[in-house]
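The values are calculated or read from the model by the stated rules, or taken from the named source; none is laboratory data. These numbers were taken from a predicted model, which means no experiment stands behind them. Backbone-built Cβ (ideal geometry, glycine too); neighbour counts: all protein chains shown.
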Amino acid sequence: MSIAADMYEGGGAKGQSWPKVGTTVEGEICALRLKQLPKFGTQAPEVWEDGSAKLTPIVTVQTAAREDADDDGRRDVYLRGGAYTAFRAALREAYRSAPSDADLVGAELKLRYASDQKSGKGQPRKVFLCRITPRAAGVAGDAWEHPEGGEPEPGSDSDIPF
């Protein structure tokens, strides 16, 4: 999502939490973006040794979940740690080559907090399972195609891809 689109949409959706093993988010991917997150427990931005920003991918998913009357069902899934690892593996399974962000918008995502694993750092590591189902060819969002399968007449209104 662009900066302008992010501002227009209100800065994102409700963040997905992972309170217990078995928690699952499922739905259509509606946006992807990167965000620089603060260091854990502080407001200081995370940076690499060279000073460049540490960015975290965020996937916005349209779910069926509704917690109250104002809840639109959209959830921001922050891909860190085990969630990132599972998402990357599902991406490689679902696509033969690296997809663009536009390829992912409209795909179905199912991400489940599957188990805990000892980390040796006090808190257990969350292990996730993920499945991405690419959207069917020819649905809205795919590269524009002429309805009859051929090329449109030059200069006709049908050659405008929007």
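Any residue in segment 94-112 that is at positive phi sitting within a Cβ distance under 7 Å of a residue that is part of a loop (DSSP other than H, G, I, E, B) and surrounded by fewer than 15 Cβ atoms within 10 Å (Cβ to Cβ)? List the pairs, counting only those 6 or more apart or interchain.
As it stands, the answer is G106/V139; G106/G141, since those pairs meet every condition given.
Can you tell me how many residues within segment 72-86 are surrounded by fewer than 20 Cβ atoms within 10 Å (Cβ to Cβ) and in a helix (DSSP H, G or I)?
Going through segment 72-86 one residue at a time, the tally reaches 3.
Name the one entry in A64, A102 that is in a loop (DSSP other than H, G, I, E, B), within 21 Å of P134 (Cα to Cα), out of contact with any Leu (no Cβ under 9 Å at 6 or more places or on another chain) and not basic (K, R).
A64
Which number in (1) under 11 Å from the mean Cα position of the chain (by Cα); (2) more than 19 Å from G12 (Cβ to Cβ); (3) crowded, with 18+ Cβ neighbours inside 10 Å marks the one condition that I29 misses?
Checking I29 against (1) under 11 Å from the mean Cα position of the chain (by Cα); (2) more than 19 Å from G12 (Cβ to Cβ); (3) crowded, with 18+ Cβ neighbours inside 10 Å, the one that fails is (2).
Quick one: G11 ticks every box in (1) in contact with a Ser or Thr (Cβ under 8 Å, 6 or more places away or on another chain); (2) at pLDDT below 90 bar one, so which box is it?
(1)
Could you list, in sequence order, all residues of segment 68-93 that are acidic (D, E), touching a residue at least 24 places away in the same chain (Cβ under 8 Å) and under 21 Å from W18 (Cα atoms)?
D71, D72, D76
Which of the residues spanning segment 22-44 are over 30 Å from D103 (Cβ atoms) and either in contact (Cβ under 8 Å) with a residue 12 or more places away in the chain or not aromatic (F, W, Y) (or both)?
Once the filter is applied, which keeps residues that are over 30 Å from D103 (Cβ atoms) and either in contact (Cβ under 8 Å) with a residue 12 or more places away in the chain or not aromatic (F, W, Y) (or both), segment 22-44 yields P38, K39, G41, T42, Q43, A44.
Just give me the residues in segment 105-120 being closer than 14 Å to G81 by Cα and not in a strand (DSSP E or B), in sequence order.
K118, S119
Do we find that K126 is among the charged types (D, E, K, R), under 16 Å from E28 (Cβ atoms) and either exposed (fewer than 15 other Cβ atoms within 10 Å of the Cβ) or in contact (Cβ under 8 Å) with a residue 40 or more places away in the chain (or both) in this structure?
no
Restricting the search to segment 104-120, which residues are out of contact with any Asp or Glu (no Cβ under 9 Å at 6 or more places or on another chain) and either surrounded by fewer than 17 Cβ atoms within 10 Å (Cβ to Cβ) or acidic (D, E) (or both)?
Matches in segment 104-120: S115, D116, Q117, K118, S119, G120.
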